[in-house]
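The values are calculated or read from the model by the stated rules, or taken from the named source; none is laboratory data. Keep in mind it's a predicted model, so treat the numbers as computed, not measured. Here Cβ is always computed from backbone atoms with ideal geometry, including for glycine, and neighbour counts include all displayed protein chains.
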Amino acid sequence: MTIAMTSPAASETAGQLPAEITAQTEFSLSVVQALKEAKSRIVPAGSARRMWERLLTPGERRELGDDFESRYRELGTIGIWRRLKSCSQHRAVLEVAYGIEFLTEPTYRWLLRETEGAAVASEAASTEQTERPTWNREIGNFSWRGQTVAQFQINTPPTQADRILSAFQQADWAVRVANPLAELLTQQVAQALRYLNQRLRVIRIHAQESSCFLRWEVVAKESA
């Protein structure tokens, strides 16, 4: 079904960057261009709808009146995110673009570092591991330090555990990735992670930011 959609908030004209961004004259040209491209991709109604459905929790949607069209007309994509998350405009651009997979993990981290300083980028990449696990989907093998930790059955379509492990493997085990189960309810994601963490033992995977992202970390050595 095609839904007629009026224009988003005037402040989100696709060809313009938020004043908060353009005012930052210390940003390099490459950063400004990357921000502008990210913004242009998240402003359209289709992207806003994707954010609404994939990144917002049922509670957050209720907080906005369960009315996507009205909130989009009033606030636009960035405005919706800022109302819920109380963040800067450029942080909203980055988080939404990353959450709906318009930015890769390395690009997201680079732009965070350039726009909000090394401390924020360091937080986003904290606990980054020099040692990383390996997920061999072809044989369903999860290994750590060359030793098999868990064996999984590979099915078609992929299981939830397979989708999570594959997302991290495809990102070369970046500390944080967009949640590949974002279409599920928060409690369903939590259930999938409980099962997976029981099997993996040497690492733990946690949901972050209303289950928009997943983050992994090594279990304390004394518990491994």
Close pairs from the stretch 56-76: first free of Cβ contacts under 8 Å to residues at least 24 places away in the same chain and surrounded by 16 or more Cβ atoms within 10 Å (Cβ to Cβ), partner assigned to a helix (DSSP H, G or I) and of a type in the set (Val, Ile, Thr), Cβ under 9 Å, at least 6 apart: Leu64/Ile80; Phe68/Ile80; Arg71/Ile80
Residue satisfying all of: in the stretch 97-125; of a type in the set (D, E, K, R) and surrounded by 14 or more Cβ atoms within 10 Å (Cβ to Cβ); modelled with the lowest pLDDT among these: Glu116
In the stretch 38-49, the residues that are of a type outside the set (A, V, I, L, M), part of a helix (DSSP H, G or I) and in contact with a helix residue (DSSP H, G or I) (Cβ under 9 Å, 6 or more places away or on another chain): Lys39, Arg41, Ser47, Arg49
Answer residue from the stretch 146-201, given it is of a type in the set (Lys, Arg) and touching a residue at least 40 places away in the same chain (Cβ under 8 Å) and is surrounded by the fewest Cβ atoms within 10 Å (Cβ to Cβ) among those: Arg199
Tally of residues being within 16 Å of Arg113 (Cβ to Cβ) and of a type in the set (Ser, Thr, Tyr) across the stretch 26-46: 2
Unique match (being polar (S, T, N, Q) and modelled with pLDDT of 90 or more) among Ser88, Ser143: Ser143
